[in-house]
Amino acid sequence: MGEPAEPADTRPFVEILVPEKFYRAVMICDCCRRPKSANDFDEEGFGICDECLRSDALIIDPDNTTRKS
């Protein structure tokens, strides 16, 4: 069996620091394929930027919509 735990006051103090962000996160929109700031995406947008979600435009890739026999 293991040794008893040390009292809390005898263990060394460890400070955990959150890393600083030195860059802005950039993501590629799955709809328009343009690089956008991570702030331009909604949590529930599934990789589509807010601009595309508000737009009425629909981008269709003809290569993916046609069936090849």
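Read-outs throughout are calculated quantities, based only on the coordinates presented, and are distinct from any laboratory measurement. Remember, it's a predicted structure, so these values are computed and weren't measured experimentally. Positions of Cβ are backbone-derived with ideal geometry, glycine not excepted, and every protein chain shown enters the neighbour counts.
Brief remarks on what is shown
- The simple spin-label model puts a point 7 Å past each Cα toward its Cβ; for Cys32 and Glu3 those points are separated by 6.2 nm.
- Amide H contacts of Cys49 (H built 1.01 Å from N, under 5 Å, at least 5 apart or other chain): Asp30, Cys31, Cys32
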